[in-house]
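Note sheet for the following structure.
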Amino acid sequence: MRLTLRVWRQAGPDEDGRLVDYAVDDVSPDMSFLEMLDVLNERLVLDGEEPIAFDHDCREGICGMCGMMINGVAHGPERATTTCQLHMRHFSDGDVVVIEPWRARAFPVIRDLVVDRGAFDRIIEAGGYITAPTGSAPDAHAIPIPKPDADKAFEAAACIGCGACVAACPNGSGMLFTAAKATHLGLLPQGQPERHSRAVDMLATHDALDFGGCTNAGECAPACPKGIPLESIARLNRDVLRATVSGAHKPR
Amino acid sequence: MAVTGGAMFLFVIGHMAGNLKVLFGPEAFNEHPKWLRSIGEGLLGHGGFVWIARVGLLLSLVLHMTAAIQLARRARTARPARYQHRRPVQGSYAARTMRWGGVIIALFLVYHLMDLTAGWLNPVGDLENPYGNVTADFRHWYVSLTYAVAIVTLGFHIRHGVWSALQTLGASNGARQRVLRGVALGVAVAICAGFLAVPFSVLTGLVK
Amino acid sequence: MRYVEGAPIADTAAPGGPIETRWDRHRFGTRLVNPANKRKLTVIVVGTGLAGGAAAATLGELGYNVLSFCYQDSPRRAHSIAAQGGINAAKNYRNDGDSVHRLFYDTVKGGDFRSRESNVYRLAQISVEIIDQCVAQGVPFAREYGGLLDTRSFGGAQVSRTFYARGQTGQQLLLGAYQALARQVNAGRVKMHPRTEMLDLVVADGRARGIVARDLVTGEVTTHLADAVVLATGGYGNVFYLSTNAKGCNATAIWRAHRRGALLANPCYTQIHPTCIPVSGDHQSKLTLMSESLRNDGRVWVPVRAGDTRPANQIPESERDYYLERIYPSFGNLVPRDIASRAAKNVCDSGHGVGPGGLGVYLDFADAIRRLGKPAVEAKYGNLFEMYQRITGEDPYEVPMRIYPAVHYTMGGLWVDYDLQSTIPGLFVVGEANFSDHGANRLGASALMQGLADGYFVLPNTIGGYLADGPFDPVPADHPAVTEAETGVRDRVARLLAVNGDRTVDSFHRELGRLMWDHCGMERSEEGLRKALERIPELRQEFWERVRVPGDGEGLNQALEKAGRVADFFELAELMCVDALHRTESCGGHFRAESQTPDGEALRDDERFSYVAAWEYAGADEPPVLHREALDFEYVTPSQRSYK
Ligand SMILES: Cc1cc2nc3c(=O)[nH]c(=O)nc-3n(C[C@H](O)[C@H](O)[C@H](O)COP(=O)(O)OP(=O)(O)OC[C@H]3O[C@@H](n4cnc5c(N)ncnc54)[C@H](O)[C@@H]3O)c2cc1C
Ligand code: SF4
Ligand code: FES
């Protein structure tokens, strides 16, 4: 296959960026999207140009490091698939593929397609955990957890923190990510004591970090490679509402 | 948003019910406002309920719009650089049109109040005879069209609004989600149908 | 031989006496740090995987000041996240005969009698606490309908002791550790430095006192100082270029520590995982593991006739060779990894392989689907099947999967004593980066166990014994050790950028990887290793003359990062080959063609090789020095492993 890639190039956080066209020949359908970029990058290096910077690590769809807008869709055309797991067999000869970084104030561009998602870490630091210092745990079987609850918690815990939800959201909101963590921990008995404070603190931090507000536009869930459901957001809202109404917890 | 939207949503339902009285002839329809004014008369005085409702609705509207503007502003701040290439709409169409839909509805509301509440823009403009005003309006196709457009926009707004409010208030969950979406759609369609019934009846001569 | 014989080495921290109480007694004998003093002590932890994340969080909880580093943009992305299958623990919730002693025994035996009994016993004891700890943190392990934890049998174990969270166990365990770490960041006990790569170790006045690191975003090279340094930087499987490791996994941290004096143990012990998706072309950038749990229900086979190119479903039952079931009737498809891998290599070498290049064997679920029904198979392996289909475009419910072995794990690493302290005082090493517990072969689901045991429970206890002597005198910023290390790092960056040659970093890495796979991979021979040892230094020289690293050192430069890592891989590769050449026996993941039983199984030589080979760096072009640590077996008698 022969493709034309239209890639966002930006030399640094404060530089202006623009889309640049690159023709790539000999794209094999068995290649992953990132392998195609590897091939292009090797050529660019030999041509004396700077290779395209993009984030990636595991290339197995689990670390959440990769991610780019491919033809206007976060992680590209395949549902429930990260960029690194997207294979070129989903493209056709002659396609023009536009590649852009995630765009959000909370995710400033570092270079080309690389953005800083540190804001997600801040949200988790604000309360996305269960306080259980090492050594303090009772036997693992002390509290049985109904399988449906455990499964649901797992479903939410599958979030890889890639940021596609923010990238896809017309409001630039990080609610799906925030809600996934609140849901994961809020569904487990171990997570109950901090359930409401966790929700309130994480949401307050989310809002303070320049993420947009959620209008339930529903663009995030289809973009999410791990299928985090929109209902998680309702769950988070419920916890926050309950905490607010009861006045039980004010954001720290 | 959810709370103020909810208040206005209740009003819209009441409004629609009132409108439908047009189908039962001029007396029934013209009685309706009188009845409204008489609600809680003993406690609130004549017309007291209507004024309370008006103040409540105005407040809801202002807060609703303020919140909407704030959200829109936040969204703009949250994404200072736009995408060069963006495939539109993966979620629902209704969700994507909330903002413009809201603006259209607001503009329509201004016209609507000047038309039928104040009577300034109405061909008849007799405040004692709403039935006459309404039927006079809808005999003009362009007035009916304006109303129809506004009502469909409102339908979209309500469809996403109802669902979104339930989501925001935390009522939605995995099992219920499908159902709630259906309910939102059903309610929106019913409201559209209820409101459109009036101009439709006038235009087709069912109501004279 | 290209090495020099050095003095033997011993683990002087190791306790004696009854094995069951060694860890207890050792902890009791370890000095404690006064709580008020902990605030005055700073510990650097490099790496935020299971080992590093757990260690940093726990040290923070204990009250130390912790500086934590990783090269990814968030600590949550460490390579541990990719582990699929599960984590072992001797809980014996199944009442199927498991016990601490059995896990200990299995691990020593699985490691082909090349690990330390004391360490392994401690690991088996702690395994139990790990599960408790993780559940308390909210790790959503798989559960049964009664609400209790589910387990499965895994990787050659005959008891069901592997806890799992679908195919994402590593992810869930790591998120647990990451959340604990985030809590300490919030509490101000841990300062996090993501996107920062350690490029050298600072050893001042005989103690590890800090690291030199490059901020990958700004390009700034800075020295960070502390009272002790913990390396938790993972394995070096990427020396082979193609491996199941994440692209960024590297040996730089441990190699730099090695160059500063830390001994490196058993570098040649590498694990080749039998069930990975085969290579699809030259563009291949990494290999994807298919969890070994698939072997619980999938059957491995190849066509009986060599060179048979018919599609799988047209090959009748009678013309299929279920070779693992044939050769190893009692373990069948569940033989340990090293055995399954080599068997696959053998059938492919003899022309029976399937798929492109004949480098693949079938892993067939047709029987399982017939026996259990598709929904049951889907419930168990659905996400793995999807992953396979995404990558290959083939549907494993319809056609058998194709699999081939790939480099997966490195048992070798920095030498540490029972306290997990290296030969440099104050330098501790945890997780896959050390060599400690798996001997010559790691059992499935034991790396997660070891990483968390080290990070949550061992290191936070043992490091206190060292820190009880602190706080140490502050190292001034202009200490010769600091300036020397910093200048060294800056010079090296400048040198890499200055070559400006005509080959890419990846082209060198691929060539090195190929060389290592061919000669220091699944089967090693004297001839091949000698060839590799000739070629590697040439290639390394060529690298420094012809590599092209575009851009500059100021700011994000991914080519530069890669170049530095590959440069270190060259040096490590050579040591791996030296180690493999010197060990003329076969054991675990190290199979020497010259040392096999008549029917082709690994033949150990306990007389001559029952020791840990700990290598000392002697200088750039000097032969390394070999220090042997003898291994004693009091509780498990070494025997020839047999899975027939
Ligand atoms: C695909 C796959 C599946 C696996 N499945 C299983 C399984 O089912 N069960 C099991 O028990 N084991 C499994 N393993 C093995 C296990 O995952 C690893 O051995 C283990 O997670 C290693 O953990 P770690 O903490 O030592 O290192 P890692 O998780 O590799 O973490 C290394 C850390 O060090 C940092 N780092 C590295 N170099 C530098 C540097 N120079 N400067 C700064 N930071 C640096 C990284 O950023 C990272 O944070 C699997 C491995 C793979 C590859
Ligand atoms: S919720 Fe989904 S899209 Fe958002 S960060 Fe998590 S995995 Fe990515
Ligand atoms: S590179 Fe890890 S998820 Fe894509």
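The values are calculated or read from the model by the stated rules, or taken from the named source; none is laboratory data. Since the structure is predicted, the reported quantities are computational estimates derived from the model, not experimental observations. Note: ideal-geometry Cβ built from the backbone for every residue, glycine included; neighbour counts use all protein chains shown. Areas reflect the complete protein model, heavy atoms only, side chains present, ligands, DNA and RNA absent. Shrake-Rupley method; radii C 1.70, N 1.55, O 1.52, S 1.80 Å.
Observations on the model:
- Taking every protein chain into account, the 1.4 Å probe leaves C:W517 with about 70 Å² of accessible area, to the nearest ten.
- Largest first, the three principal axis extents of the alpha carbons in the range C:480-603 are 59, 36, 23 Å in whole numbers.
- Over chain A, dividing the summed -39,500 (n - 2.57) contributions of all DSSP H runs of at least 4 residues by the number of residues returns a 222 nm mean residue ellipticity of -10000 deg cm²/dmol.
- Here is the interface size for B with A: some 3100 Å² of accessible area buried, both sides summed, with a 1.4 Å probe.
- Test item: Cα-centred dipole of the range C:480-603, Lys/Arg +1 and Asp/Glu -1 on Cβ, debye: 300
- Computed extension length for C:E398-C:S330: 21.6 nm, one decimal, from 0.36 nm per residue of separation with the Cα-Cα distance subtracted.
- Taking all C-alpha pairs of chain B, those more than 25 Å from each other amount to 46 percent.
- The calculated Kirkwood hydrodynamic radius for the protein assembly as shown is 31.7 Å, given to one decimal from all distinct C-alpha pairs.
- Between B:P26, B:P130, B:P80, the GNM of chain B built on Cα springs shorter than 10 angstrom shows B:P80 fluctuating the most.
- Leading residue at positive end of dipole, the protein assembly as shown (Cβ point charges), from C:A477, C:L174, B:T4: B:T4
- Helix B:26-38 vs. chain B, principal-axis angle (Cα, 0 to 90°, nearest 10): 70
- Gaussian network model of chain A, springs between alpha carbon atoms under 10 Å - residue of A:H90, A:H141, A:H56 with greatest fluctuation: A:H141
- Cα-projected label distance for C:K40 with C:D308, points at 7 Å along beta-carbon direction, nm: 7.5
- Relative contact order (%) - chain C, alpha-carbon pairs under 8 angstrom, separation at least six: 22
- Note on chain B: helix-only mean residue ellipticity at 222 nm, from DSSP H runs of 4+ residues weighted -39500 (n - 2.57) and normalised by residue number, equals -25000 deg cm²/dmol.
- Fully extending the segment from C:A10 to C:Q640 would add 224.2 nm, taking 0.36 nm per residue of separation and subtracting the current Cα-Cα distance.
- In the assembled protein chains, B:R86 presents an accessible area of approximately 70 Å² (probe radius 1.4 Å).
- Contact order, relative form, for the range A:118-246: 34 percent (alpha carbon pairs under 8 Å, 6 or more residues apart, mean separation divided by residue count).
- In chain A, Cα pairs under 8 Å separated by at least six residues give a relative contact order of 19 percent.
- Potential extension, B:A171-B:L203 segment - 0.36 nm per residue separation minus Cα distance: 7.4 nm
- Using a Förster distance of 41 Å, the FRET efficiency for C:R492-C:F28 (Cβ separation, nearest 0.05): 0.35
- Computed over chain B with a Gaussian network model linking Cα atoms closer than 10 Å, the most mobile of B:I52, B:I13, B:I158 is B:I52.
- Using distinct alpha-carbon pairs, which all enter the 1/r mean, Kirkwood radius of the range C:294-371 in Å: 12.7
- For the protein assembly as shown, accessible area per residue (1.4 Å probe, heavy atoms of protein chains only), Å²: 37
- Candidate aspartates and glutamates - alpha carbon under 18 Å from A:K181, same-chain residues fewer than 8 apart omitted: A:D121, A:E125, A:D149, A:D151, A:E155, A:E194, A:D201, A:D207, A:E231, A:D239
- Dipole magnitude of the protein assembly as shown, debye to nearest 20 (Cβ charges: Lys/Arg +1, Asp/Glu -1, about Cα centre): 3720
- For the set B:M8, A:M1, the ranking by accessible area, highest first and with no ligand, DNA or RNA atoms included, is A:M1, B:M8 under a 1.4 Å probe.
- Value of D in µm² per second that Stokes-Einstein yields for the range A:97-252, Kirkwood Rh from Cα pairs, at 20 °C (1.002 mPa s): 132
- Estimated FRET transfer efficiency when R0 is 41 angstrom, pair A:H141-A:S246 (beta carbons, to 0.05): 0.80
- Förster radius 51 Å - calculated FRET efficiency between B:A53 and A:D16, Cβ distance, rounded to 0.05: 0.40
- The range C:525-575 pair-distance distribution - Cα-Cα, 10 Å bins, rounded %: 23, 43, 24, 9, 2
- Cα-Cα over 20 Å, subset of C:K109/C:K644; C:K109/C:K247; A:K152/C:K380; A:K152/C:K374; C:K531/C:K562: C:K109/C:K247; A:K152/C:K374; C:K531/C:K562
- Ellipticity estimate at 222 nm from DSSP helix runs (n ≥ 4, -39,500 (n - 2.57)) divided over chain C, nearest 500: -11000 deg cm²/dmol
- Spin-label proximity, C:R371 to the range C:109-153 - amide N less than 20 Å from point 7 Å beyond Cα toward beta carbon: C:151-153
- All-pairs alpha carbon distance profile, the range A:3-111, 10 Å steps from 0, percent: 14, 49, 33, 4
- Accessible-area composition of the range C:273-408, carbon plus sulfur, in percent [1.4 Å probe]: 51
- Helix B:141-168 and the long axis of chain B differ in direction by around 50°, with both axes built from C-alpha atoms.
- Percent antiparallel among DSSP beta bridges (both partners in chain C, rounded to 5): 65
- Semi-axis lengths, largest first, of the ellipsoid equivalent to chain C are 37, 29, 24 Å, with √(5λ) applied to each eigenvalue of the Cα gyration tensor.
- Lys, Arg +1 and Asp, Glu -1 on Cβ, resulting dipole of the range C:1-146 about Cα centre, debye, nearest 20: 420
- Highest average first, the peptides C:382-390, A:17-25 ordered by how many other beta carbon atoms sit within 10 Å of their residues are C:382-390, A:17-25.
- Globularity index of the range C:62-189, i.e. its alpha-carbon radius of gyration over 2.2 N^0.38 Å: 1.17
- Between the Cα long axis of helix B:48-78 and the first principal axis of chain B there is an angle of about 20°, rounded to the nearest 10.
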